[in-house]
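Q: The structure is given below, and queries will be raised subsequently.
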């Protein structure tokens, strides 16, 4: 015999009471609800763990990227300092080059003046050499003429006054020319 829905089961030793209401078909039981809730909580816990792992992994990856970015910024700052130093050196080198260019320009002008002076001096030396050559030539022609006149005076018993006058006039002109060349030569010294 089957007990009714609302009846109690009894035995001699124990008394057990059956649920007062029997579940209706289609209604979930407490165990089923607890399993669903447990599965939901377990899913949330697993999802949370996966999320936490992914978050920490992303965070560590982000930290690594930030560390690399910081290192790159440090390198960039070092390169910028080097560029600044090189710009300072370049500016100093440009100023030095400008100063050297001015010195070279002044030297070129000085060389031009010295070259002109040297050219003028060279021309004066050539003129002095020509005057000296002319004086030497006059002196060299004067010496034989004087020797010839001297021999004529010693060896000739009767002197020709016209010849003597011509020779003396010639010698006078030669001595005057020699004197002029000597003064011209003295003006170069």
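Q: From the list 127, 145, 99, 181, pick out the single residue that is surrounded by 10 or more Cβ atoms within 10 Å (Cβ to Cβ) and modelled with pLDDT of 85 or more. Working first, answer last.
A: Values: 127 fails: modelled with pLDDT of 85 or more; 145 fails: modelled with pLDDT of 85 or more; 181 fails: modelled with pLDDT of 85 or more.
It is 99.
Q: Working carefully through the options 117, 132, 186, find the one that is touching a residue at least 24 places away in the same chain (Cβ under 8 Å), surrounded by 10 or more Cβ atoms within 10 Å (Cβ to Cβ), assigned to a helix (DSSP H, G or I) and out of contact with any strand residue (DSSP E or B) (no Cβ under 8 Å at 6 or more places or on another chain).
A: 132
The values are calculated or read from the model by the stated rules, or taken from the named source; none is laboratory data. The structure presented is a predicted model; accordingly, all values stated were derived computationally and were not measured. Neighbour counts run over all protein chains shown; Cβ positions are idealised from the backbone, glycine included.
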